[in-house]
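Trainee: Here it is, the structure, as structure tokens.
The values are calculated or read from the model by the stated rules, or taken from the named source; none is laboratory data. None of the values given here were measured: they were computed from a predicted structure. Counting neighbours? That spans all protein chains shown, and the Cβs are built from the backbone with ideal geometry, glycine included.
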Amino acid sequence: MDILVVGSGGREHAMCWSLAKSKRQPKLFCAPGNAGISKIAQCVDIKAEDIEGLVKWCKDRKPGLVVIGPEVPLCLGLADELTKEGFQVFGPSKAGAQMEGSKDFTKKLLLENHIPTARAATFTDYEKALAYVRAQGAPIVIKADGLAAGKGVTVCETTDQAELALEEAMKKKAFGEAGSKVVIEEFLKGEEASILAFVDGETIVPMVSAQDHKRVFDGDKGPNTGGMGAYSPAPVVTESLHEEILDKILKPTVAALQRMGIVYKGVLYAGLMITPEGPKVIEYNCRFGDPETQVVLPRLKTDFVNICMAVAQGKLSHLKIEWDERPAACVVMASEGYPGAYPKGKVIEGLEKAAAHADSYVFHAGTALVGYKTVTSGGRVLCVTGLGATIQEALDHAYQAVGDIHFEGVHFRKDIGWRALTSGR
Ligand code: AMP
Ligand code: GLY
């Protein structure tokens, strides 16, 4: 079977790697892919946002399955276009992708269905938003409604900061049209965790829990990034909490989508705050997380092709999904300057040596091939995952492989998993 994976990050490398292990021995294509992906899949030079180009390629090549990684093509309706043409697709429709594409849509869905989340109000008028912020006081959270590449949320410790954030989003249009509407939200205290679930429109199968590190520097300091590392499981999510999240959050969410006529197929990613009153939704994403995928998929024991097909065909209830008990941890190696401006084209050394270790995997994110050399081509360059008997051992395996790899200006966090290691759980 031919399978097309759409995307080019560490997440898509992990997806291709997991699909490639299938007993069905699929022939993999990836659009556009990266240097690491090109070793296990045929890269197709079409951007993930080029909906027309991707649909045309599929009509020519007729893949048996299309797996969509990033949110942008999902929000642009790639799944709808492909489904209309009769293809099997892993990834929600445009209507389903609003769960990530519009914070206002999701907030309304959560509040109307009494699903635990932060109190919030939505504004399109700057003066009214300002008055609300002044009345509520700090701490408070300001969120651009639309997609802002992970940068649209500002957690404000003071009202001055909140006023500045409003001005940036609504007046200065720092996030373009995404910020013309803002959701202003109560600040939630607690520990964060992510639960990703496979959903086939009806059946929901939660995956093992995960937690990423969003800030660029050690000690969770500095600006937010796409994610500098992750670990799975997140010890804060106990077995009973896992049940509670399924019953009180995921099930009512999918039921609410169904009542709106939305058949959600793909991954539903719940970003949660575990508060003293229980788990509350911070955000939903309509796809696998990056780098959460790089710690979740290496723990998956069930054939990933079978899962993707079952999701596409609404047959998830027929499958038993099994996981490796061993924890996983992932360290992101980034370019100097990320998440701000960064150089490209730095030669990456040591990849073969790193690949030789058992129990670690090097997933490529922003890499490209220049002749025989692998060079940097993005902010997040590599995601190095380790598996082990404990989170500490998984981290040791990841950091051992990280130690073998070098490129000029490389930056990675040295404290991935600190919360899991110090929680005592
Ligand atoms: P998001 O892009 O919605 O995941 O938000 C980015 C980060 O902002 C989250 O991972 C949280 O750390 C933080 N955050 C978002 N909403 C809240 C909230 N209501 N209370 C506290 N922190 C929040
Ligand atoms: N790591 C966060 C995300 O994928 O949105």
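Trainee: Under 6 Å between Cβ atoms, at least 6 apart or on separate chains: pull out the pairs that start in the range 82-108 with a residue that is without any contact (Cβ under 8 Å) to a residue 40 or more places away in the chain and end on any residue that is surrounded by fewer than 21 Cβ atoms within 10 Å (Cβ to Cβ) and in a loop (DSSP other than H, G, I, E, B).
Mentor: Pairs that qualify, where the first residue is without any contact (Cβ under 8 Å) to a residue 40 or more places away in the chain and the partner is surrounded by fewer than 21 Cβ atoms within 10 Å (Cβ to Cβ) and in a loop (DSSP other than H, G, I, E, B), are Lys94/Gly77.
Trainee: Another one. Among the hydrophobic types (A, V, I, L, M, F, W, C), within 16 Å of ligand 2 (Cβ to nearest atom) and either in contact with an Asp or Glu (Cβ under 9 Å, 6 or more places away or on another chain) or under 14 Å from Phe304 (Cα atoms) (or both): is that true of Ala31 in this structure?
Mentor: Taking the combined requirement at face value, the residue does not satisfy it.
Trainee: Now, a different point. Suppose we keep only residues that are charged (D, E, K, R) and touching a residue at least 40 places away in the same chain (Cβ under 8 Å) within the range 122-163. Which one would you say is surrounded by the fewest Cβ atoms within 10 Å (Cβ to Cβ)?
Mentor: Only one residue tops the list, namely Lys151.
Trainee: Could you please tell me which pairs satisfy a Cβ distance under 9 Å, a separation of 6+ or placement on different chains, a first residue in the range 177-189 that is touching a residue at least 40 places away in the same chain (Cβ under 8 Å), and a second residue that is among the acidic types (Asp, Glu)?
Mentor: Ser180/Asp145; Lys181/Asp104; Lys181/Asp145; Val182/Asp104; Val182/Asp145; Val183/Asp104; Val183/Asp145; Phe187/Glu157
Trainee: Being touching a helix residue (DSSP H, G or I) at 6+ places or on another chain (Cβ under 6 Å) and of a type in the set (S, T, N, Q) is the filter here, so list the residues in the range 21-58 that pass it.
Mentor: If the condition is that a residue be touching a helix residue (DSSP H, G or I) at 6+ places or on another chain (Cβ under 6 Å) and of a type in the set (S, T, N, Q), then Ser22 is the only one that fits.
Trainee: Of the residues Ala165, Ala131, Ala174, only one is more than 16 Å from ligand 2 (Cβ to nearest atom), more than 18 Å from Glu100 (Cβ to Cβ) and assigned to a loop (DSSP other than H, G, I, E, B); which?
Mentor: Checking each option against the conditions leaves just Ala174.
Trainee: Hey, another quick one. Tell me yes or no: at least one residue of the range 177-198 is more than 14 Å from ligand 1 (Cβ to nearest atom) and at positive phi.
Mentor: no
Trainee: It is to be established whether one or more residues within the range 295-312 are among the hydroxyl-bearing types (Ser, Thr, Tyr) and buried (at least 23 other Cβ atoms within 10 Å of the Cβ).
Mentor: no
Trainee: Next up: Let me confirm something: among Gly86, Gly53, Gly96, which residue is surrounded by fewer than 18 Cβ atoms within 10 Å (Cβ to Cβ) and in a helix (DSSP H, G or I)?
Mentor: Gly53
Trainee: Within the range 217-228, track down each residue that is crowded, with 16+ Cβ neighbours inside 10 Å and at pLDDT 95 or above.
Mentor: Met228, the sole residue that qualifies.
Trainee: Taking the range 1-19, which residues are away from ligand 2 (no atom under 16 Å from the Cβ), among the aliphatic types (A, V, I, L, M) and in a helix (DSSP H, G or I)?
Mentor: Within the range 1-19, Leu19 is the sole residue that qualifies.
Trainee: Pull out all pairs, ordered by first then second residue, where Cβ-Cβ is under 6 Å, the residues are six or more apart or on different chains, the first lies in the range 1-26 and is within 20 Å of Gly289 (Cα to Cα) and free of Cβ contacts under 8 Å to residues at least 24 places away in the same chain, and the second is within 16 Å of ligand 1 (Cβ to nearest atom) and basic (Lys, Arg).
Mentor: Sorted first by the residue in the range 1-26, then by its partner, the list stays empty.
Trainee: So, of the residues in the range 257-273 that are within 11 Å of ligand 2 (Cβ to nearest atom) and not β-branched (Val, Ile, Thr), which turns out to be surrounded by the most Cβ atoms within 10 Å (Cβ to Cβ)?
Mentor: It comes out as Tyr269.
Trainee: Further, regarding this structure: Any chance the range 204-212 includes a residue that's in contact with a Lys or Arg (Cβ under 9 Å, 6 or more places away or on another chain) and more than 16 Å from ligand 2 (Cβ to nearest atom)?
Mentor: Yes.
Trainee: Can you tell me which condition Ser22 does not meet? The list is (1) assigned to a loop (DSSP other than H, G, I, E, B); (2) over 27 Å from Lys315 (Cα atoms); (3) among the hydroxyl-bearing types (Ser, Thr, Tyr), and all the others hold.
Mentor: It fails just one condition, (2).
Trainee: Residues of the range 229-256 being polar (S, T, N, Q), in a helix (DSSP H, G or I) and surrounded by 17 or more Cβ atoms within 10 Å (Cβ to Cβ), which ones?
Mentor: Of everything in the range 229-256, just one residue is polar (S, T, N, Q), in a helix (DSSP H, G or I) and surrounded by 17 or more Cβ atoms within 10 Å (Cβ to Cβ), namely Thr253.
Trainee: Filter the range 177-197 for residues that are away from ligand 2 (no atom under 16 Å from the Cβ) and out of contact with any Lys or Arg (no Cβ under 9 Å at 6 or more places or on another chain); which is modelled with the lowest pLDDT?
Mentor: Looking at residues that are away from ligand 2 (no atom under 16 Å from the Cβ) and out of contact with any Lys or Arg (no Cβ under 9 Å at 6 or more places or on another chain), I get Glu177.
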